[in-house]
Each structure stands twice: as structure tokens, then as C-alpha cells.
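Only one structure is covered here, and it is reproduced in the block below.
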Amino acid sequence: MASSERIFVQAIRSYGARHGIDVDVRSGGWLIAMRRGEMRRFAFGYDIGLNSAIAHRLANDKSATAEVLSLARVPCIPHHLLLNPKLGEKVAGPNWRDGMVELLRENPQGVVAKPNEGTSGRSVFKVTTEAELDHAIGEVFSMSTGLVISPYVAIENEVRVILLDDAPRVVYSKQRGTDWRHNLDAGAKPVLLKQGTVRTACVKLAIEAASAIGIRFASIDVVLVDGTWRVLEINSGVMMEALGKLHPELVQATYDAALDRVFDEAR
């Protein structure tokens, strides 16, 4: 097992070795073919293959997730979608920038601008002026067809809940470092939550969110704002790289449980 491999890949290799499953890693680890007899299954990126296509697409689209959660009356952080003007005026609209400026004016405390699809905290900008907005627009639209704007809020706590068929497998808070973001790639540290009112509230909200979009295996980020827990985003690809360095047995057990379902349900 190559130590340079992602923990996700290592976990699948370990599962395969213990369950008689051939594991063929391709494309630098981003495509994994798993075969047991005549049965073949795939993992792609951090997606293990349990979720339906529509649930996967909804979770990967921050704006769509927020819309669906709002329809289901699940408390969430709004994400307003704006499309890249390179797609053409008929798609992006003639006044696409005006909509962004209006959102900035409606939120004097600032807004957060980021790609509509997940980037692990990269290309995420806190914006308080039109100059900062134009910089964010340029950066995000250089890499993405969609940009989302959400109001900047003072996050008192952020918790990630990893669910498998509505059962919490992992629950941890993200202890922020010097960066204003709670992203693990930006230096935040995962701290497992013990049983208690905070964990219970976060798990309950995460289950409601997962049910709203019909997703089975996901990591759901919930944030505490003004004393109220809200969903920030849902991730169909379950990444536990940072957690795996601290709690490898827990991470392996979580991927094992998901892979059990992948292969048991395919019989």
C-alpha cells in the first residue's frame, strides 16, 4: 500500500483485501474499480457509489441544495446562483453583475462568494466592497460556470455529520485556526463530539437534510448562527483525510460499513 495514496484509496484497498475483492486503482486514484467474481463496482473521487444520480447532483450543487432544503423547511444558509457570462447573455442574463451588487448591498456585513460546486474551501472569498466582489468574480468564473453568493454570518460553531442511511457514523466539530474559514484544508482541526445536546441537535438536522434530498451516504456541515443550527452544505463524496490521520480505525470502519452496503445490495 503506497503511503502517498489518499486515505480513501487505502481504505478501499484494505476492505478489498479482507473481503476477497480485486481493487484496481486508475487515474491517479480518482477512479477505483472493484470486482468480486462477476460483480463490478466503482468509486470515483470520494463517491463510493451508494447515492442515486439525482441525490449526488443535488448535493454537489450548493444552490440546488439550498433550494431543496428551503422547500422542505430545513433551516439552511441561502446560496444564490449566478452563472458565468461566458455562457452567453441568454444563459447568464444581461444584468448578471447587477444581481451580485444588489446582494452585496442587501448584506452590509458582507457576503461570501464561491464556486457553486465544492472546492474544499478553495476560491472562497469574503466580500465587503465592489472591488472585492469583482476580484472574486474573476477568480471564480475562471474555474467555474456557476458562482454562489451567501450572506456572511458569524459562525459560532461548525459540525460535520457523516451519515449512512440516516445513522450517524462520525460527528465532529471543526476547530478553526487562524483562517476565518472552518475548512479542514484551511487549517481547521476535527474534534470528535461526545454524546450531548449539541451532537443530538446536529445529527437531527443532518438527518432532515439528507432525507430532503434523498441521499444515503454523505457528510453534512451544519453551523451555529445566532444560536440556531442551520445546514451549510451537503457533500456526496465523503472525504475523511484529515480525520483519518487522527482516528484511522473510525474512518476505516465508516468506509467498511458503506462498502458492505455496496456489495451486499448488489447480490
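The values are calculated or read from the model by the stated rules, or taken from the named source; none is laboratory data. Every value quoted in this text rests on a predicted model; they were computed, and no experiment measured them. Reconstructed Cβ throughout: ideal geometry from the backbone, glycine too, with neighbour counts over all protein chains shown. Calculation scope for accessible area: heavy atoms of the full protein, side chains included, ligands and nucleic acids excluded. Shrake-Rupley method; radii C 1.70, N 1.55, O 1.52, S 1.80 Å.
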Region 73-107: number of residues that are exposed (fewer than 13 other Cβ atoms within 10 Å of the Cβ) and under 21 Å from Thr228 (Cα atoms) | 1
Residue selected from region 211-267 under the condition in a strand (DSSP E or B) and among the β-branched types (Val, Ile, Thr), by the criterion most open to solvent (accessible area, probe 1.4 Å) | Thr228
Quick check, is Glu139 among the charged types (D, E, K, R) and either closer than 21 Å to Val153 by Cβ or open to solvent by less than 10 Å² (accessible area, probe 1.4 Å) (or both)?
-> no
In region 179-193, what count of residues is obtained for those that are modelled with pLDDT of 95 or more and in a loop (DSSP other than H, G, I, E, B)?
-> 1
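Scanning for something within 17 Å of the chain's Cα centre (by Cα) and either at negative phi or not in a helix (DSSP H, G or I) (or both), does region 92-113 turn up at least one residue? Before you say what the answer is, go through the steps one by one.
If we filter region 92-113 for residues that are within 17 Å of the chain's Cα centre (by Cα), which is where we start, we get 112-113.
Then drop every residue that is not either at negative phi or not in a helix (DSSP H, G or I) (or both), which leaves 112-113.
Yes, region 92-113 contains at least one residue that is within 17 Å of the chain's Cα centre (by Cα) and either at negative phi or not in a helix (DSSP H, G or I) (or both).
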Enumerate the strands (runs of 3 or more DSSP E) found wholly within region 14-55, keeping only those where 1 or more residues are among the hydrophobic types (A, V, I, L, M, F, W, C) and touching a Lys or Arg at 6+ places or on another chain (Cβ under 7 Å).
-> 22-26, 31-36
Determine whether region 154-165 contains at least one residue that is open to solvent by 10 Å² or more (accessible area, probe 1.4 Å), at pLDDT 95 or above, in a loop (DSSP other than H, G, I, E, B) and among the acidic types (Asp, Glu).
-> yes
Taking Ile32 as the residue in question, decide whether it is of a type in the set (Val, Ile, Thr), buried (at least 20 other Cβ atoms within 10 Å of the Cβ) and closer than 23 Å to Asp221 by Cα.
-> no
